[in-house]
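Here the structure comes first, spelled out in structure tokens, and everything after it is commentary.
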């Protein structure tokens, strides 16, 4: 058994984001402009990261919030409506007026409730 099999998160120890939680995870009630600036800086770190694919795979398989592989919660939802999300970020996303986010949420609802009739 190699180290990656023993610890599937071993890739994160070499990632440049390690220890930069303030950059990758916003504060409670963060202002929109502050969030945009913080996320742009975080995405710049992700662009050159050697672990970006493993990070993306992790983020699309687990209910995480914050920036992972250059994606925030909305990005993950738009790329895969069935991606698991934490309840609090999902509640915030549901208030979005972005038509793409609204459409992704509708797809997500159909995935989560396949028996529900379309309106």
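Things to note:
- Residues that are assigned to a helix (DSSP H, G or I), touching a helix residue (DSSP H, G or I) at 6+ places or on another chain (Cβ under 9 Å) and over 14 Å from residue 9 (Cα atoms) within the range 36-59 comprise 38, 39, 41, 42, 45, 46, listed in sequence order.
- Out of 69, 59, one residue alone is surrounded by 13 or more Cβ atoms within 10 Å (Cβ to Cβ) and farther than 18 Å from residue 101 by Cβ. It is 69.
Values in this text are rule-based calculations from the coordinates and carry no lab data. Small disclaimer: the values here were computed from a predicted structure and weren't measured. No Cβ is skipped: glycine too gets one built from the backbone with ideal geometry, and neighbour counts run over all protein chains shown.
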